[in-house]
């Protein structure tokens, strides 16, 4: 199993798809990494030789991925929460941040429905 940026990428997938298992690498960035390193994107990970894996490792070091990227995103969210801006407060309350409605919808952020008894008259 090839290990790139501290992640074991799956052996039976094409290199192009297997690189997307690394946090911070999508399909477009995976294609760019393969083009820059000169590795064939159609080859399977198990068929890579050590030289190709080393090329991929050195090429991915140019990007912010995995732990560093997670840390940067966490610090950005913490900064928003510390300064008390609207986006930070919405993150803290687990509500939609980008202006979506919450009276209906927003189930992903707010969680499952909680039934509340009707008000007595």
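The values are calculated or read from the model by the stated rules, or taken from the named source; none is laboratory data. Since we're looking at a predicted model, the values are computed, not measured. Here the Cβ is made from the backbone with ideal geometry for all residues, glycine too, and neighbour counts use every protein chain on show.
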query = Within region 19-30, restricting attention to residues that are in a helix (DSSP H, G or I) and loosely packed, with under 14 Cβ neighbours inside 10 Å, which residue is nearest to the chain's Cα centre (by Cα)?
reply = 27
inquiry  = Whether any residue in region 99-120 is in a helix (DSSP H, G or I), in contact with a strand residue (DSSP E or B) (Cβ under 8 Å, 6 or more places away or on another chain) and either in the same structural domain as residue 8 (by TED's automatic domain parsing) or surrounded by 10 or more Cβ atoms within 10 Å (Cβ to Cβ) (or both) is what I want to check.
reply    = no
query = touching a residue at least 24 places away in the same chain (Cβ under 8 Å), under 23 Å from the mean Cα position of the chain (by Cα) and assigned to a loop (DSSP other than H, G, I, E, B) - does that describe any residue in region 65-81?
reply = yes
task = Take region 50-64 and flag every residue that is part of a helix (DSSP H, G or I), surrounded by fewer than 16 Cβ atoms within 10 Å (Cβ to Cβ) and in contact (Cβ under 8 Å) with a residue 24 or more places away in the chain.
result = 57
message = If a residue must be under 20 Å from the mean Cα position of the chain (by Cα), part of a loop (DSSP other than H, G, I, E, B) and over 15 Å from residue 30 (Cα atoms), how many such residues does region 3-16 contain?
response = 1
message = Condition first: exposed (fewer than 15 other Cβ atoms within 10 Å of the Cβ), touching a residue at least 24 places away in the same chain (Cβ under 8 Å) and either in contact with a helix residue (DSSP H, G or I) (Cβ under 7 Å, 6 or more places away or on another chain) or in a helix (DSSP H, G or I) (or both). Now tell me which residues in region 37-49 satisfy that.
response = 41, 46
